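Here the structure is laid out as structure tokens; the discussion comes afterwards.
Read-outs: derived from the displayed coordinates by stated rules, not from any lab. As the structure is a computational prediction, the values presented were derived from the model and not from experiment. Cβ sites come from the backbone with ideal geometry, for glycine too, and all protein chains shown count toward neighbours.
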């Protein structure tokens, strides 16, 4: 059976824990190529990003290369897409070219699930629509696990444009699986409807002193011209800064999926603050993606 | 002597047969990297595509990597071309950078032949102008050979914009070498003058029941605005569909170089029909290109 | 201590000589992969070019691959830059992704020096602003050294838009270190102020018979619309051509960093003239960059 990586929700807790442990192994051995460089030797993956991304694309590329695999970057805008080819036909073509797996990002929320039954090779969801970004979810879980040694019972605030955030989407899925509590903060119009007992809306300044981690989200100013979001006013109301950091627990951590807007959702001095794990998350991302690529090839989890 | 791969016509039949057999070896061993991954170790090729292409570029890239070689993708639009550099100087620069071969596509029909005498490294024609696409020709021959165990005497219909098709161009060259018979079908204004006894024009529905294979070509609607081509009317007159498939011999096959427009030159249900070899062609393309890359490096054929 | 490669001026003469000798070793062994392909095995570099470049980017990519390393190409325009990410955050992200070194080009003269103290991984300056292009400087030194067996006392004319040329900038730095004499020629408005005793302005036709080498620079016609530079008139006054070549010493050589405009700063017949080393320079560029990549990883120099 083909092993895809499409959503955290398709894995039982035990499988995700195994993946987190495997990612931790890769994290610990990131400077020991002799232990890992043979694992996916001769494999070739395709990066197929219908939406641009630096970090995620490069993160998968580096993960593949660290495992001895190689990657071809398919850039839709330079391609047959211009000639009217459907996404299905593009993926089927890559399958026919013999790649071992496809790392896929698309603006459509459901296109991966819809296409998956018709493809004979494993797919990795590298971000779909507004709801899912499961490899980011896995790296966030790894980061929390490294910090607290457990996931159950952790309290995590998510602040910003939650409604349009794939990162928040995958974190909410994980909360249900692992019994974490998520608090959604930010402008009321940018928060989604809540239907899960593990998720609730909260006032940012009220909840902040109680949480183990806070995930700051980028405000996509270009998307919200109608909201008349003034960066300074936004920062005052919902930004992470020194004043708010002081209100947090001493062992609580600050997360951000990047890229971030300094001075908007996070102040300059918080990005590399001792409680911030933002660049650690990026480092963990490669380890998490190594675990994912190994999983889809070897079914190891 | 440098071994180029510029046109099928520059090879005698016996050399092409050797190439087809070698490609078949790569096809059969596509899941046995230990048999092939060392063959072009440490070689570096350059993909130089002045016209965009997903499949062909990726196909060569995967072929190179399967053989243990690597590839650099030169994208003219991001480059010195903007600064007025000539094609010759660009290729000479890549030669000076020490690449082992150049995979080249350009809109100009004759530029490869013109430049080849002045370069000291092997060139692969990955599509030139309107007439030649010899690596596609080789994969089509491989596909026919796998199906019928021979090429001589095969009857192949080609339907669509034959006049502007490199794929048809290389197939007509192959017909002469191997003694196949080609039937050109489609709108009269899109058919070329016929001067070769192995090629003749034919009515699509009349010839279809007699052929071993039919090669459907993409109608480049964007090129033919003046023709007032209505997709539905075109499909009715020249498209492959269930009705026409029923008229074909039971062991005849449907080919298409891709990308295809579903509902125009081919109906949805024909793309993956049991008589279609469209995705098989793409799979064969990697094997054919492995044989080509090995040829230009080792002179093996 | 991290070993960067940011400017020729940060190395003592002895270190640069070691680098030139190491580059010469790579030049001599460019067809002996078994001697060099293991040297940077499992390393991954990132090409981060905020300004487009074919030759330099490909040159570093091929250098890395010849040493057994791999490279990820970060293309800022397809990336988070669009989302407002700062250069520092982009580089810090790549550092977090675990790349072993960053090859960097940016229009800002000082950005590399400013960012370097805050990064924990080695940086290679692949062209910054108007003043520095030290890997080009190294390959030019290698080319001169191969020709004359020494650098001290060599006389080099540089002709063209010297003021905006990084290539000239790095050559002037090298002149001071190695005791070469540089003569600046070209339109008065395109020459910089001279403050160094190793550099002086000169009349092109007067100085040409006395120099060991002449470095022709591309006139960036697109930049100088105000100058009303007529290509023919420019060529007559400052272009390299048969008449001027005849005035040069028999063992003097013609250099050009490329890309070049045939018929403007250099005539067609001079590009591959027996006294020209233009394509040799490109070949040397890969060897020089191999020495640089090895230096930043192993501190070898």
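Figures for the structure shown
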{"read-out": "Using a 7 Å Cα-to-Cβ projection, residue B:32 label spacings across copies, nm, ascending", "value": "3.5, 3.5"}
{"read-out": "Percent breakdown of C-alpha pair distances by 5 Å bin, ordered from the shortest bin, for the range A:135-277", "value": "2, 10, 22, 25, 22, 13, 5, 1, 0"}
{"read-out": "On Cα atoms only, tilt of C:87-96 relative to the major axis of chain C in degrees", "value": "50 degrees"}
{"read-out": "Residue C:2 versus residue B:37: modelled label distance in nm, points set 7 Å from Cα along the beta carbon direction", "value": "3.3 nm"}
{"read-out": "Teacher prompt: residue B:2 distances to equivalent labels in other copies, 7 Å Cα→Cβ, nm", "value": "4.2, 4.2"}
{"read-out": "Mean ellipticity per residue at 222 nm, deg cm²/dmol - from DSSP H runs of n ≥ 4 across chain A, formula -39500 (n - 2.57)", "value": "-11500 deg cm²/dmol"}
{"read-out": "Helix B:166-178 vs. chain B, principal-axis angle (Cα, 0 to 90°, nearest 10)", "value": "90 degrees"}
{"read-out": "Protection proxy ranking, peptides B:155-168, A:115-128, average beta carbon neighbours within 10 Å, highest first", "value": "B:155-168, A:115-128"}
{"read-out": "Simple spin-label estimate for residue B:268 and residue B:110 in nanometres, 7 Å along Cα-Cβ", "value": "4.7 nm"}
{"read-out": "Helix B:278-298 axis, angle to chain B major axis (alpha carbon atoms, nearest 10°)", "value": "30 degrees"}
{"read-out": "Inter-probe distance in nm under a simple model that places probes 7 Å from Cα toward Cβ, at residue C:250 and residue B:205", "value": "8.2 nm"}
{"read-out": "Residue among A:175, A:64, A:107 with the largest mean-square fluctuation in a Gaussian network model of chain A, springs linking Cα atoms under 10 Å", "value": "A:107"}
{"read-out": "Max mean-square fluctuation residue, GNM over chain A, Cα-Cα springs under 10 Å, options A:219, A:253, A:111", "value": "A:111"}
{"read-out": "Modelled FRET efficiency - R0 45 Å, residue B:21 with residue A:196, Cβ distances, 0.05 increments", "value": "0.15"}
{"read-out": "Spatial separation of Cα centroids for the range B:155-181 and the range C:165-199, in angstrom", "value": "60 Å"}
{"read-out": "Calculated label separations, residue A:13, copies of the chain, 7 Å along the beta-carbon direction, nm", "value": "7.2, 7.2"}
{"read-out": "GNM top mover of A:247, A:135, A:276 - chain A, alpha-carbon springs below 10 Å", "value": "A:247"}
{"read-out": "Relative contact order of the range C:135-277, pairs being alpha-carbon contacts under 8 Å that are 6 or more residues apart, as %", "value": "23 percent"}
